[in-house]
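Structure first, commentary second.
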Amino acid sequence: MQRNDYLMNLASISISKMAKGTVAIPSASANIKLPENKSFFLLSSFIAGFRYYEGPKLGNRIGIGTRLEFRLSRDNHYDSNAVEIYYRHHKLGHVPRIENKTIASLLRQGYRLTGIVKGKADLFNYFGFEYDVWTE
């Protein structure tokens, strides 16, 4: 299964069933239901567009364990699911388009998500940071 297929399936799975230890069954609902007071790992990724925003100026202040914030990009005319990544009030870039649908869906439903930097990224001559996404 390719990464994109996995994420698309993740968006349709009732995660609350996984938390109870039962078999995860795809849900017909477009909404993702998460149990309260539990933190779940969603995915690992890198920051898209890092070099075009404030990231390069802040590189020395960001390290392993740094918390990142996710915000919907409501005025993005190219991608209705665009999600911006921030460190404090500094925009670092976006969640890659191939991975943003699940995160955007959760944000629209009011879930708080946290990114945690896990290392520097060197992907296809791209420099930035890798991060994990967790629910709060």
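The values are calculated or read from the model by the stated rules, or taken from the named source; none is laboratory data. Everything quoted here is computed from the prediction, not taken from an experiment. Because the Cβ atoms are built from the backbone with ideal geometry, glycine has one as well, and the counts that use them run over all protein chains shown.
Quick check on Val133: is it surrounded by 16 or more Cβ atoms within 10 Å (Cβ to Cβ), free of Cβ contacts under 8 Å to residues at least 60 places away in the same chain and not hydroxyl-bearing (Ser, Thr, Tyr)?
Numbers: surrounded by 16 or more Cβ atoms within 10 Å (Cβ to Cβ): yes; free of Cβ contacts under 8 Å to residues at least 60 places away in the same chain: no; not hydroxyl-bearing (Ser, Thr, Tyr): yes.
So Val133 fails the test.
Look through the range 71-93, keep the residues that are in contact with a helix residue (DSSP H, G or I) (Cβ under 7 Å, 6 or more places away or on another chain) and assigned to a strand (DSSP E or B), and return whichever of them is farthest from Ile116 (Cα to Cα). Spell out the reasoning first.
Going residue by residue through the range 71-93, those that are in contact with a helix residue (DSSP H, G or I) (Cβ under 7 Å, 6 or more places away or on another chain) are 72, 79, 81-83, 87, 90, 92-93.
Within this subset, residues satisfying the condition of being assigned to a strand (DSSP E or B) are 72, 83, 87, 90, 92-93.
On the way: Leu72: 18, Val83: 16, Tyr87: 10, His90: 15, Leu92: 13, Gly93: 15 Å.
Filtering first and then ranking leaves Leu72.
To keep it simple, each residue is scored yes or no on (1) in contact with a strand residue (DSSP E or B) (Cβ under 8 Å, 6 or more places away or on another chain); (2) over 18 Å from Lys120 (Cβ atoms); (3) β-branched (Val, Ile, Thr).
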{"residue": "Arg67", "(1), (2), (3)": "yes, no, no"}
{"residue": "Arg71", "(1), (2), (3)": "yes, yes, no"}
{"residue": "Glu84", "(1), (2), (3)": "yes, yes, no"}
{"residue": "Tyr87", "(1), (2), (3)": "yes, no, no"}
{"residue": "Gly93", "(1), (2), (3)": "yes, no, no"}
{"residue": "Arg97", "(1), (2), (3)": "yes, yes, no"}
{"residue": "Lys101", "(1), (2), (3)": "no, yes, no"}
Scanning the range 78-94 residue by residue, those over 15 Å from Tyr131 (Cβ atoms) and buried (at least 19 other Cβ atoms within 10 Å of the Cβ) turn out to be Ala82
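Name the residue, out of Leu68, Leu34, that is surrounded by 11 or more Cβ atoms within 10 Å (Cβ to Cβ), closer than 15 Å to Arg112 by Cα and either touching a Lys or Arg at 6+ places or on another chain (Cβ under 9 Å) or modelled with pLDDT of 70 or more (or both). Reasoning before the result, please.
Numbers: Leu34 fails: either touching a Lys or Arg at 6+ places or on another chain (Cβ under 9 Å) or modelled with pLDDT of 70 or more (or both).
None of the other options fit; the residue is Leu68.
Going through the range 50-65 one residue at a time, which ones are modelled with pLDDT under 90 and either among the polar types (S, T, N, Q) or surrounded by 11 or more Cβ atoms within 10 Å (Cβ to Cβ) (or both)? Write out each step before concluding.
Going through the range 50-65, the residues modelled with pLDDT under 90 turn out to be 50-51, 55-63.
Scanning the range 50-65 gives Phe50, Arg51, Gly55, Pro56, Leu58, Gly59, Asn60, Ile62, Gly63.
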Taking the range 89-116 and keeping only residues that are in contact (Cβ under 8 Å) with a residue 60 or more places away in the chain, closer than 18 Å to Asp75 by Cα and under 8 Å from the mean Cα position of the chain (by Cα), one is left with Ile103
Review point. Has the range 49-66 got at least one residue that is under 19 Å from Asp132 (Cβ atoms), assigned to a strand (DSSP E or B) and within 15 Å of the chain's Cα centre (by Cα)?
Key: no
